[in-house]
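*Asks:* Attaching a single structure in C-alpha coordinates format; questions to follow.
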Amino acid sequence: MARATDADAAPDGDGEELEMLRDSLRRFVADELAPRAAEWEDAGTLPRAVFERLGELGFLGMGLAPEHGGGGRDFRYTAVLVEELVRCGAVGVAVSVLVHAEFATKVIDRAGSPGLRAEILPDAIAGRRIGALGVTEPGAGSDVGAIRTRAVRDGDEYVIDGAKTFITNAPICDFVTLAVRTGGSGPRGVSLLVVPADAPGLTRGRRLRKIGTHASDTGELSFDGCRVPARCLLGEEGAGFRLIMEGFRGERLVLALICCAQMRLMWEEARRYGLEREAFGRPLLGFQSWQHRLADSLTTIEAAGALTGRALELYVAGRACDREVSMAKLFAAESATAVAHDCAQIFGGYGYMEESLIARLVRDSMAFSIGAGTSEVMREIVAREAGLVPAGERL
Ligand SMILES: Cc1cc2nc3c(=O)[nH]c(=O)nc-3n(C[C@H](O)[C@H](O)[C@H](O)COP(=O)(O)OP(=O)(O)OC[C@H]3O[C@@H](n4cnc5c(N)ncnc54)[C@H](O)[C@@H]3O)c2cc1C
(Lines give C-alpha, C1' and ligand atoms only; values in the text may rest on other atoms or scores of the structure.)
Protein backbone atom coordinates (compact mmCIF):
# COMPACT_ATOMS: atom_id res chain seq x y z
CA MET A 1 0.00 0.00 0.00
CA ALA A 2 1.18 3.53 -0.76
CA ARG A 3 2.41 5.52 2.21
CA ALA A 4 1.13 9.06 2.36
CA THR A 5 2.61 9.91 5.67
CA ASP A 6 5.80 10.22 7.61
CA ALA A 7 4.11 10.80 10.94
CA ASP A 8 3.18 7.15 11.38
CA ALA A 9 6.74 6.52 12.43
CA ALA A 10 7.02 7.22 16.16
CA PRO A 11 10.10 9.09 17.38
CA ASP A 12 12.51 7.11 19.55
CA GLY A 13 11.89 6.52 23.23
CA ASP A 14 8.31 5.47 23.76
CA GLY A 15 7.94 4.09 20.23
CA GLU A 16 6.20 0.88 21.24
CA GLU A 17 3.75 2.59 23.57
CA LEU A 18 2.93 5.20 20.94
CA GLU A 19 2.28 2.48 18.38
CA MET A 20 -0.02 0.68 20.81
CA LEU A 21 -1.89 3.91 21.40
CA ARG A 22 -2.18 4.43 17.64
CA ASP A 23 -3.52 0.91 17.14
CA SER A 24 -6.14 1.19 19.83
CA LEU A 25 -7.21 4.64 18.65
CA ARG A 26 -7.40 3.44 15.07
CA ARG A 27 -9.72 0.58 16.04
CA PHE A 28 -11.85 2.85 18.22
CA VAL A 29 -12.18 5.49 15.49
CA ALA A 30 -13.05 2.91 12.83
CA ASP A 31 -15.57 1.07 15.04
CA GLU A 32 -17.20 3.86 17.01
CA LEU A 33 -16.61 7.23 15.34
CA ALA A 34 -16.40 6.76 11.56
CA PRO A 35 -19.79 5.02 11.24
CA ARG A 36 -21.56 7.96 12.91
CA ALA A 37 -19.47 10.91 11.67
CA ALA A 38 -21.96 11.84 8.92
CA GLU A 39 -24.80 11.88 11.45
CA TRP A 40 -22.89 14.30 13.71
CA GLU A 41 -22.01 16.48 10.74
CA ASP A 42 -25.70 16.75 9.87
CA ALA A 43 -26.64 17.45 13.48
CA GLY A 44 -23.91 20.12 13.71
CA THR A 45 -22.78 18.88 17.10
CA LEU A 46 -20.89 16.13 18.85
CA PRO A 47 -22.84 14.16 21.48
CA ARG A 48 -21.70 14.30 25.08
CA ALA A 49 -21.45 10.48 25.02
CA VAL A 50 -18.46 10.73 22.65
CA PHE A 51 -16.51 12.80 25.19
CA GLU A 52 -17.49 10.37 27.95
CA ARG A 53 -16.38 7.38 25.89
CA LEU A 54 -13.06 9.05 25.04
CA GLY A 55 -12.61 9.80 28.73
CA GLU A 56 -13.44 6.23 29.73
CA LEU A 57 -10.76 4.97 27.33
CA GLY A 58 -8.19 7.40 28.77
CA PHE A 59 -7.75 9.49 25.59
CA LEU A 60 -8.69 12.92 26.98
CA GLY A 61 -6.07 13.68 29.59
CA MET A 62 -2.97 12.07 28.16
CA GLY A 63 -0.91 15.24 28.61
CA LEU A 64 -2.41 16.21 31.97
CA ALA A 65 -1.35 15.68 35.57
CA PRO A 66 -1.55 12.07 36.82
CA GLU A 67 -2.83 13.14 40.28
CA HIS A 68 -6.12 14.17 38.66
CA GLY A 69 -6.46 11.18 36.34
CA GLY A 70 -4.23 12.41 33.51
CA GLY A 71 -1.55 10.38 31.77
CA GLY A 72 1.37 12.79 32.29
CA ARG A 73 2.54 12.09 28.74
CA ASP A 74 4.29 14.46 26.36
CA PHE A 75 2.76 16.04 23.27
CA ARG A 76 3.59 13.13 20.96
CA TYR A 77 0.67 11.28 22.52
CA THR A 78 -1.65 14.18 21.77
CA ALA A 79 -0.30 14.18 18.20
CA VAL A 80 -1.32 10.53 17.78
CA LEU A 81 -4.78 11.33 19.14
CA VAL A 82 -5.17 14.17 16.64
CA GLU A 83 -4.01 12.13 13.66
CA GLU A 84 -6.25 9.19 14.45
CA LEU A 85 -9.38 11.24 15.23
CA VAL A 86 -9.18 12.89 11.82
CA ARG A 87 -9.48 9.45 10.22
CA CYS A 88 -13.16 9.33 11.19
CA GLY A 89 -13.66 11.58 8.15
CA ALA A 90 -15.20 14.57 9.94
CA VAL A 91 -12.49 16.99 11.00
CA GLY A 92 -14.96 18.77 13.31
CA VAL A 93 -14.83 15.76 15.63
CA ALA A 94 -11.10 16.27 16.18
CA VAL A 95 -11.60 20.03 16.55
CA SER A 96 -14.29 19.71 19.21
CA VAL A 97 -12.40 17.08 21.21
CA LEU A 98 -9.06 18.88 21.05
CA VAL A 99 -10.53 22.26 21.95
CA HIS A 100 -11.88 20.59 25.06
CA ALA A 101 -8.89 18.42 25.98
CA GLU A 102 -6.05 20.66 24.88
CA PHE A 103 -7.11 24.29 24.35
CA ALA A 104 -9.50 24.77 27.29
CA THR A 105 -8.16 22.31 29.85
CA LYS A 106 -4.39 22.22 29.60
CA VAL A 107 -3.94 25.78 30.83
CA ILE A 108 -6.01 24.93 33.92
CA ASP A 109 -3.56 22.13 34.66
CA ARG A 110 -0.66 24.51 34.09
CA ALA A 111 -1.84 27.61 35.91
CA GLY A 112 -4.87 26.76 38.06
CA SER A 113 -4.71 26.73 41.86
CA PRO A 114 -4.64 23.24 43.45
CA GLY A 115 -8.31 23.62 44.44
CA LEU A 116 -9.44 24.65 40.95
CA ARG A 117 -7.46 21.85 39.35
CA ALA A 118 -9.01 19.31 41.70
CA GLU A 119 -12.46 20.71 40.93
CA ILE A 120 -12.23 20.74 37.12
CA LEU A 121 -9.60 18.29 35.90
CA PRO A 122 -11.00 14.89 37.00
CA ASP A 123 -14.34 15.59 35.29
CA ALA A 124 -12.70 17.12 32.22
CA ILE A 125 -10.37 14.14 31.84
CA ALA A 126 -13.31 11.75 32.24
CA GLY A 127 -15.29 13.66 29.58
CA ARG A 128 -18.04 14.44 32.11
CA ARG A 129 -17.47 18.20 31.79
CA ILE A 130 -16.75 19.74 28.38
CA GLY A 131 -14.54 22.81 28.01
CA ALA A 132 -14.40 25.76 25.60
CA LEU A 133 -11.78 28.48 25.17
CA GLY A 134 -13.23 31.98 24.92
CA VAL A 135 -10.80 34.53 23.56
CA THR A 136 -12.26 35.98 20.34
CA GLU A 137 -14.78 38.81 20.55
CA PRO A 138 -16.94 40.55 17.97
CA GLY A 139 -14.41 43.42 17.94
CA ALA A 140 -11.10 41.58 18.55
CA GLY A 141 -9.69 38.37 17.10
CA SER A 142 -6.08 38.44 15.93
CA ASP A 143 -5.38 41.33 18.28
CA VAL A 144 -5.83 39.40 21.54
CA GLY A 145 -4.43 42.33 23.53
CA ALA A 146 -7.45 44.42 22.46
CA ILE A 147 -10.20 42.28 24.04
CA ARG A 148 -12.85 44.25 25.93
CA THR A 149 -14.71 41.70 28.05
CA ARG A 150 -14.13 43.09 31.52
CA ALA A 151 -13.84 41.33 34.87
CA VAL A 152 -13.95 43.51 37.99
CA ARG A 153 -12.99 42.16 41.40
CA ASP A 154 -15.81 42.48 43.95
CA GLY A 155 -14.82 40.91 47.27
CA ASP A 156 -14.29 37.19 46.69
CA GLU A 157 -15.76 37.30 43.20
CA TYR A 158 -15.16 38.65 39.72
CA VAL A 159 -18.03 40.29 37.88
CA ILE A 160 -17.81 39.80 34.10
CA ASP A 161 -19.41 41.85 31.31
CA GLY A 162 -18.81 41.36 27.62
CA ALA A 163 -19.26 39.04 24.65
CA LYS A 164 -17.36 36.29 22.85
CA THR A 165 -17.90 34.88 19.38
CA PHE A 166 -16.77 31.98 17.15
CA ILE A 167 -16.29 29.87 20.29
CA THR A 168 -15.92 26.15 19.57
CA ASN A 169 -18.03 24.05 21.98
CA ALA A 170 -19.88 27.15 23.27
CA PRO A 171 -23.30 25.50 22.79
CA ILE A 172 -22.30 22.31 24.63
CA CYS A 173 -19.65 23.37 27.14
CA ASP A 174 -19.79 23.04 30.92
CA PHE A 175 -16.98 25.53 31.51
CA VAL A 176 -15.19 28.16 29.50
CA THR A 177 -11.59 29.23 29.93
CA LEU A 178 -12.18 32.91 29.37
CA ALA A 179 -9.94 35.81 28.41
CA VAL A 180 -10.98 38.95 30.27
CA ARG A 181 -9.64 42.39 30.94
CA THR A 182 -8.84 42.93 34.61
CA GLY A 183 -6.40 45.78 34.12
CA GLY A 184 -5.65 48.66 31.77
CA SER A 185 -5.46 48.54 27.99
CA GLY A 186 -3.16 46.21 26.04
CA PRO A 187 -1.82 42.70 26.69
CA ARG A 188 -0.79 43.38 30.30
CA GLY A 189 -4.40 43.95 31.31
CA VAL A 190 -5.54 40.49 30.17
CA SER A 191 -6.32 37.63 32.58
CA LEU A 192 -7.80 34.15 32.28
CA LEU A 193 -10.77 32.98 34.33
CA VAL A 194 -12.47 29.59 34.36
CA VAL A 195 -16.21 30.24 34.18
CA PRO A 196 -18.77 27.46 34.79
CA ALA A 197 -21.41 27.49 32.04
CA ASP A 198 -24.16 27.72 34.66
CA ALA A 199 -22.65 30.81 36.33
CA PRO A 200 -25.37 33.44 36.86
CA GLY A 201 -25.16 36.09 34.11
CA LEU A 202 -23.62 33.83 31.45
CA THR A 203 -25.89 33.30 28.42
CA ARG A 204 -25.23 31.15 25.40
CA GLY A 205 -25.97 33.19 22.28
CA ARG A 206 -26.59 31.95 18.75
CA ARG A 207 -25.20 28.70 17.43
CA LEU A 208 -23.20 29.70 14.38
CA ARG A 209 -23.55 27.88 11.07
CA LYS A 210 -20.16 27.36 9.47
CA ILE A 211 -18.90 26.41 6.01
CA GLY A 212 -17.32 23.21 7.37
CA THR A 213 -16.19 21.33 10.50
CA HIS A 214 -19.89 20.98 11.26
CA ALA A 215 -19.49 18.34 13.95
CA SER A 216 -17.80 20.93 16.13
CA ASP A 217 -20.50 23.12 17.58
CA THR A 218 -19.63 26.82 17.47
CA GLY A 219 -21.42 29.74 19.06
CA GLU A 220 -21.52 32.98 20.98
CA LEU A 221 -21.36 33.65 24.71
CA SER A 222 -22.43 36.76 26.55
CA PHE A 223 -21.71 37.91 30.07
CA ASP A 224 -23.95 40.34 31.90
CA GLY A 225 -22.90 40.87 35.48
CA CYS A 226 -21.71 37.25 35.48
CA ARG A 227 -20.22 36.30 38.86
CA VAL A 228 -17.50 33.73 39.47
CA PRO A 229 -15.42 33.06 42.59
CA ALA A 230 -12.02 34.78 42.56
CA ARG A 231 -10.35 31.35 42.89
CA CYS A 232 -11.31 30.77 39.22
CA LEU A 233 -8.42 33.02 38.15
CA LEU A 234 -5.59 31.22 36.33
CA GLY A 235 -2.17 32.38 37.46
CA GLU A 236 -2.11 36.01 38.50
CA GLU A 237 -4.04 39.00 37.27
CA GLY A 238 -2.38 40.20 34.07
CA ALA A 239 -0.85 36.77 33.26
CA GLY A 240 -3.59 35.92 30.75
CA PHE A 241 -1.91 37.15 27.59
CA ARG A 242 1.26 35.18 28.32
CA LEU A 243 -0.75 32.04 29.14
CA ILE A 244 -2.75 32.40 25.91
CA MET A 245 0.41 32.84 23.84
CA GLU A 246 2.01 29.79 25.49
CA GLY A 247 -1.16 27.80 24.82
CA PHE A 248 -1.15 28.90 21.18
CA ARG A 249 2.00 26.84 20.55
CA GLY A 250 0.23 23.58 21.35
CA GLU A 251 -2.99 24.74 19.66
CA ARG A 252 -1.22 25.67 16.45
CA LEU A 253 0.61 22.35 16.47
CA VAL A 254 -2.74 20.58 16.88
CA LEU A 255 -4.10 22.44 13.85
CA ALA A 256 -1.00 21.73 11.76
CA LEU A 257 -1.33 18.04 12.68
CA ILE A 258 -5.03 18.10 11.77
CA CYS A 259 -4.17 19.61 8.38
CA CYS A 260 -1.52 16.97 7.69
CA ALA A 261 -3.86 14.16 8.72
CA GLN A 262 -6.72 15.44 6.59
CA MET A 263 -4.43 15.88 3.60
CA ARG A 264 -3.37 12.23 3.93
CA LEU A 265 -7.00 11.19 4.06
CA MET A 266 -7.87 13.23 0.98
CA TRP A 267 -4.90 11.87 -0.88
CA GLU A 268 -5.74 8.27 -0.02
CA GLU A 269 -9.32 8.88 -1.17
CA ALA A 270 -8.13 10.46 -4.43
CA ARG A 271 -5.73 7.61 -5.10
CA ARG A 272 -8.38 4.98 -4.40
CA TYR A 273 -10.82 6.67 -6.75
CA GLY A 274 -8.19 7.31 -9.40
CA LEU A 275 -7.36 3.60 -9.52
CA GLU A 276 -11.04 2.56 -9.65
CA ARG A 277 -12.75 5.08 -11.90
CA GLU A 278 -12.34 4.66 -15.63
CA ALA A 279 -12.55 7.21 -18.44
CA PHE A 280 -11.68 6.65 -22.08
CA GLY A 281 -11.11 2.97 -21.35
CA ARG A 282 -8.55 3.26 -18.57
CA PRO A 283 -8.32 4.19 -14.88
CA LEU A 284 -7.96 7.93 -14.26
CA LEU A 285 -4.56 7.22 -12.76
CA GLY A 286 -3.61 5.71 -16.09
CA PHE A 287 -3.29 9.33 -17.26
CA GLN A 288 0.08 10.83 -16.51
CA SER A 289 -1.50 14.19 -15.73
CA TRP A 290 -3.22 12.61 -12.70
CA GLN A 291 -0.13 10.65 -11.67
CA HIS A 292 1.80 13.91 -11.65
CA ARG A 293 -0.89 15.90 -9.89
CA LEU A 294 -1.15 13.40 -7.05
CA ALA A 295 2.66 13.11 -6.94
CA ASP A 296 2.76 16.89 -6.42
CA SER A 297 0.12 16.62 -3.68
CA LEU A 298 2.07 13.89 -1.96
CA THR A 299 5.22 15.99 -2.08
CA THR A 300 3.35 18.87 -0.45
CA ILE A 301 1.91 16.54 2.20
CA GLU A 302 5.35 15.13 3.03
CA ALA A 303 6.80 18.66 3.25
CA ALA A 304 4.01 19.77 5.59
CA GLY A 305 4.50 16.58 7.63
CA ALA A 306 8.25 17.15 7.89
CA LEU A 307 7.83 20.78 8.99
CA THR A 308 5.17 19.80 11.51
CA GLY A 309 7.29 16.88 12.75
CA ARG A 310 10.23 19.23 13.30
CA ALA A 311 8.06 21.72 15.21
CA LEU A 312 6.67 18.85 17.31
CA GLU A 313 10.17 17.61 18.11
CA LEU A 314 11.27 21.06 19.33
CA TYR A 315 8.06 21.56 21.30
CA VAL A 316 8.38 18.19 23.03
CA ALA A 317 12.04 18.94 23.84
CA GLY A 318 10.96 22.23 25.46
CA ARG A 319 13.04 24.27 23.03
CA ALA A 320 12.20 27.61 21.42
CA CYS A 321 9.82 26.79 18.58
CA ASP A 322 7.57 29.79 17.79
CA ARG A 323 9.13 30.10 14.35
CA GLU A 324 8.80 26.41 13.48
CA VAL A 325 5.29 26.04 14.93
CA SER A 326 4.10 29.10 13.00
CA MET A 327 5.74 27.87 9.80
CA ALA A 328 4.15 24.45 10.25
CA LYS A 329 0.68 25.87 10.88
CA LEU A 330 1.01 28.35 7.99
CA PHE A 331 2.26 25.81 5.48
CA ALA A 332 0.01 22.93 6.53
CA ALA A 333 -3.12 25.10 6.58
CA GLU A 334 -2.48 26.71 3.22
CA SER A 335 -1.44 23.38 1.69
CA ALA A 336 -4.62 21.73 2.97
CA THR A 337 -6.88 23.94 0.86
CA ALA A 338 -4.67 23.47 -2.23
CA VAL A 339 -4.41 19.69 -1.79
CA ALA A 340 -8.16 19.52 -1.12
CA HIS A 341 -8.83 21.21 -4.43
CA ASP A 342 -6.56 18.84 -6.35
CA CYS A 343 -7.92 15.75 -4.62
CA ALA A 344 -11.54 16.78 -5.15
CA GLN A 345 -10.96 17.47 -8.84
CA ILE A 346 -10.26 13.83 -9.65
CA PHE A 347 -13.77 12.95 -8.40
CA GLY A 348 -15.36 15.11 -11.10
CA GLY A 349 -19.04 15.77 -10.26
CA TYR A 350 -18.98 13.39 -7.30
CA GLY A 351 -16.46 15.66 -5.61
CA TYR A 352 -18.97 18.51 -5.64
CA MET A 353 -21.77 16.52 -4.03
CA GLU A 354 -22.53 17.18 -0.37
CA GLU A 355 -22.72 13.48 0.36
CA SER A 356 -19.12 12.73 -0.65
CA LEU A 357 -16.33 12.46 1.91
CA ILE A 358 -14.01 14.49 -0.29
CA ALA A 359 -16.48 17.40 -0.43
CA ARG A 360 -16.66 17.42 3.37
CA LEU A 361 -12.86 17.44 3.60
CA VAL A 362 -12.68 20.36 1.15
CA ARG A 363 -15.04 22.40 3.33
CA ASP A 364 -13.27 21.37 6.52
CA SER A 365 -9.87 22.40 5.15
CA MET A 366 -10.86 26.06 5.05
CA ALA A 367 -10.96 26.60 8.81
CA PHE A 368 -7.29 26.23 9.52
CA SER A 369 -5.82 29.34 7.98
CA ILE A 370 -8.07 31.24 10.42
CA GLY A 371 -8.40 29.47 13.79
CA ALA A 372 -5.74 29.86 16.53
CA GLY A 373 -4.04 32.64 14.58
CA THR A 374 -4.56 33.42 10.91
CA SER A 375 -2.00 32.78 8.19
CA GLU A 376 -1.21 36.50 8.19
CA VAL A 377 -0.47 36.37 11.92
CA MET A 378 1.72 33.27 11.35
CA ARG A 379 3.70 35.23 8.74
CA GLU A 380 4.08 38.08 11.23
CA ILE A 381 5.58 35.68 13.78
CA VAL A 382 7.90 34.03 11.27
CA ALA A 383 9.04 37.46 10.06
CA ARG A 384 9.67 38.61 13.62
CA GLU A 385 11.47 35.42 14.64
CA ALA A 386 13.57 35.47 11.47
CA GLY A 387 14.78 39.01 12.19
CA LEU A 388 12.90 40.54 9.27
CA VAL A 389 11.25 43.32 11.27
CA PRO A 390 13.35 46.43 11.90
CA ALA A 391 13.49 47.35 15.63
CA GLY A 392 11.44 50.53 15.26
CA GLU A 393 8.67 48.70 13.37
CA ARG A 394 7.75 46.10 16.02
CA LEU A 395 4.12 46.13 17.20
C1 LIG B 1 -13.94 27.34 12.91
C2 LIG B 1 -13.44 28.36 13.89
C3 LIG B 1 -13.36 28.03 15.24
C4 LIG B 1 -12.91 28.97 16.16
N5 LIG B 1 -12.86 28.63 17.48
C6 LIG B 1 -12.49 29.55 18.40
C7 LIG B 1 -12.47 29.24 19.80
O8 LIG B 1 -12.78 28.11 20.21
N9 LIG B 1 -12.14 30.22 20.67
C10 LIG B 1 -11.79 31.47 20.27
O11 LIG B 1 -11.48 32.30 21.11
N12 LIG B 1 -11.78 31.81 18.94
C13 LIG B 1 -12.12 30.87 18.01
N14 LIG B 1 -12.13 31.20 16.67
C15 LIG B 1 -11.81 32.55 16.27
C16 LIG B 1 -10.45 32.70 15.60
O17 LIG B 1 -9.43 32.51 16.54
C18 LIG B 1 -10.43 34.10 14.98
O19 LIG B 1 -11.39 34.10 13.94
C20 LIG B 1 -9.07 34.48 14.43
O21 LIG B 1 -8.16 34.65 15.47
C22 LIG B 1 -9.13 35.75 13.59
O23 LIG B 1 -9.79 36.76 14.26
P24 LIG B 1 -10.97 37.59 13.52
O25 LIG B 1 -11.91 36.60 12.94
O26 LIG B 1 -11.50 38.58 14.49
O27 LIG B 1 -10.27 38.32 12.32
P28 LIG B 1 -9.42 39.69 12.38
O29 LIG B 1 -8.44 39.63 13.48
O30 LIG B 1 -10.36 40.83 12.35
O31 LIG B 1 -8.67 39.61 11.00
C32 LIG B 1 -9.31 39.88 9.76
C33 LIG B 1 -8.25 39.71 8.65
O34 LIG B 1 -7.19 40.65 8.89
C35 LIG B 1 -5.97 39.97 8.96
N36 LIG B 1 -5.06 40.61 9.89
C37 LIG B 1 -5.23 40.83 11.22
N38 LIG B 1 -4.13 41.35 11.75
C39 LIG B 1 -3.23 41.46 10.75
C40 LIG B 1 -1.90 41.93 10.67
N41 LIG B 1 -1.22 42.36 11.76
N42 LIG B 1 -1.27 41.92 9.47
C43 LIG B 1 -1.92 41.47 8.37
N44 LIG B 1 -3.18 41.00 8.38
C45 LIG B 1 -3.82 41.01 9.56
C46 LIG B 1 -6.31 38.57 9.41
O47 LIG B 1 -5.29 37.66 9.09
C48 LIG B 1 -7.60 38.33 8.65
O49 LIG B 1 -7.30 37.94 7.35
C50 LIG B 1 -12.55 30.27 15.73
C51 LIG B 1 -12.63 30.59 14.37
C52 LIG B 1 -13.06 29.66 13.46
C53 LIG B 1 -13.15 30.04 12.02
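The values are calculated or read from the model by the stated rules, or taken from the named source; none is laboratory data. Just so it is clear, the structure is predicted and the values come from calculations on it, not from any experiment. A quick note on method: Cβ atoms are made from the backbone with ideal geometry, for glycine too, and the neighbour counts reach across all protein chains shown.
*Asks:* Listed residues Met366, Met353; which is in contact (Cβ under 8 Å) with a residue 24 or more places away in the chain and surrounded by fewer than 21 Cβ atoms within 10 Å (Cβ to Cβ)?
*Replies:* On the way: Met353 fails: in contact (Cβ under 8 Å) with a residue 24 or more places away in the chain.
The conditions single out Met366.
*Asks:* If you check every pair at least six apart or on different chains, which have Cβ atoms under 6 Å apart with a residue in segment 313-328 that is touching a residue at least 40 places away in the same chain (Cβ under 8 Å) first and a residue that is of a type in the set (Gly, Ala, Ser) second?
*Replies:* Within 6 Å, the pairs are Cys321/Ala311; Val325/Ala311; Ala328/Ala256; Ala328/Ala311.
*Asks:* I need the strands (runs of 3 or more DSSP E) fully contained in segment 187-276, keeping only those with at least 2 residues that are within 15 Å of the ligand (Cβ to nearest atom) and among the hydroxyl-bearing types (Ser, Thr, Tyr). I'd like the intermediate steps shown before the answer.
*Replies:* Details: elements: 190-196, 202-207, 218-229.
Result: 218-229.
*Asks:* Considering only residues that are away from the ligand (no atom under 12 Å from the Cβ) and in a strand (DSSP E or B), which ones fall in segment 164-179?
*Replies:* Matches in segment 164-179: Phe175 only.
*Asks:* If you don't mind, another one. Which numbered condition in (1) of a type outside the set (Phe, Trp, Tyr); (2) more than 28 Å from the chain's Cα centre (by Cα); (3) in the same structural domain as Gly305 (by TED's automatic domain parsing) is the only one that Arg227 fails?
*Replies:* Result: Arg227 passes all but (3).
*Asks:* Taking the condition buried (at least 18 other Cβ atoms within 10 Å of the Cβ) and more than 16 Å from the ligand (Cβ to nearest atom), does Ala94 pass?
*Replies:* Working: buried (at least 18 other Cβ atoms within 10 Å of the Cβ): yes; more than 16 Å from the ligand (Cβ to nearest atom): no.
The answer is no for Ala94.
*Asks:* Does any residue in segment 165-179 that is buried (at least 24 other Cβ atoms within 10 Å of the Cβ) come within less than 8 Å, Cβ to Cβ, of a residue that is part of a loop (DSSP other than H, G, I, E, B) and among the basic types (Lys, Arg) six or more places away or on a different chain, and which pairs are these?
*Replies:* Final answer for the pair search is Phe175/Arg129.
*Asks:* Taking Ala317, is it surrounded by fewer than 23 Cβ atoms within 10 Å (Cβ to Cβ) and more than 24 Å from Thr213 (Cα to Cα)? If you could, list the steps in order and put the result at the bottom.
*Replies:* Details: surrounded by fewer than 23 Cβ atoms within 10 Å (Cβ to Cβ): yes; more than 24 Å from Thr213 (Cα to Cα): yes.
Here the answer is yes, as Ala317 does meet what is asked.
*Asks:* Also, quick follow-up: Leu54 is checked against (1) closer than 22 Å to Thr218 by Cβ; (2) touching a Lys or Arg at 6+ places or on another chain (Cβ under 8 Å) and fails just one. What number does that condition carry?
*Replies:* If we test Leu54 against (1) closer than 22 Å to Thr218 by Cβ; (2) touching a Lys or Arg at 6+ places or on another chain (Cβ under 8 Å), just (2) comes out false.
*Asks:* So, in segment 106-150, exactly how many residues are within 13 Å of the ligand (Cβ to nearest atom), over 22 Å from Gly238 (Cβ atoms) and either crowded, with 23+ Cβ neighbours inside 10 Å or not assigned by TED's automatic domain parsing to the domain that holds Pro187 (or both)?
*Replies:* Of the residues in segment 106-150, the ones within 13 Å of the ligand (Cβ to nearest atom) are 107, 130-149.
Pick out the ones that are also over 22 Å from Gly238 (Cβ atoms) and you get 130-132, 138.
With the extra rule that they be either crowded, with 23+ Cβ neighbours inside 10 Å or not assigned by TED's automatic domain parsing to the domain that holds Pro187 (or both), the set shrinks to 130-132.
Total satisfying the criteria: 3.
*Asks:* All but one of (1) touching a strand residue (DSSP E or B) at 6+ places or on another chain (Cβ under 9 Å); (2) within 15 Å of the ligand (Cβ to nearest atom); (3) closer than 22 Å to Thr203 by Cα hold for Glu157; state the number of the condition that does not hold.
*Replies:* Evaluating Glu157 over (1) touching a strand residue (DSSP E or B) at 6+ places or on another chain (Cβ under 9 Å); (2) within 15 Å of the ligand (Cβ to nearest atom); (3) closer than 22 Å to Thr203 by Cα leaves (2) as the failure.
*Asks:* Any residue in segment 225-242 that is surrounded by 20 or more Cβ atoms within 10 Å (Cβ to Cβ), closer than 16 Å to Phe331 by Cβ and among the aliphatic types (A, V, I, L, M)?
*Replies:* No, every residue in segment 225-242 fails to be surrounded by 20 or more Cβ atoms within 10 Å (Cβ to Cβ), closer than 16 Å to Phe331 by Cβ and among the aliphatic types (A, V, I, L, M).
*Asks:* Also, quick follow-up: Return yes or no: is Gly72 outside any helix (DSSP H, G or I) and either touching a strand residue (DSSP E or B) at 6+ places or on another chain (Cβ under 9 Å) or free of Cβ contacts under 8 Å to residues at least 24 places away in the same chain (or both)? Even if it seems obvious, please write down each step before you answer.
*Replies:* Working: outside any helix (DSSP H, G or I): yes; either touching a strand residue (DSSP E or B) at 6+ places or on another chain (Cβ under 9 Å) or free of Cβ contacts under 8 Å to residues at least 24 places away in the same chain (or both): yes.
Yes.
*Asks:* I'm checking my understanding of the structure. Among residues of segment 377-395 that are assigned to a helix (DSSP H, G or I) and of a type in the set (Lys, Arg), which one is farthest from the ligand (Cβ to nearest atom)?
*Replies:* The first filter runs over segment 377-395 and keeps only residues assigned to a helix (DSSP H, G or I), leaving 377-385, 391-393.
Filter once more, keeping what is of a type in the set (Lys, Arg): 379, 384.
Details: Arg379: 8, Arg384: 11 Å.
Applying the filter and picking the extreme gives Arg384.
*Asks:* Does segment 358-376 contain at least one residue that is in a loop (DSSP other than H, G, I, E, B), within 15 Å of the ligand (Cβ to nearest atom) and under 18 Å from Met263 (Cα atoms)? Let's see the steps before the verdict.
*Replies:* Filtering segment 358-376 down to residues in a loop (DSSP other than H, G, I, E, B) leaves 370-374.
Filter once more, keeping what is within 15 Å of the ligand (Cβ to nearest atom): 370-374.
Narrowing further to those that are under 18 Å from Met263 (Cα atoms): 370-371.
So far as segment 358-376 goes, yes, one or more of its residues are in a loop (DSSP other than H, G, I, E, B), within 15 Å of the ligand (Cβ to nearest atom) and under 18 Å from Met263 (Cα atoms).
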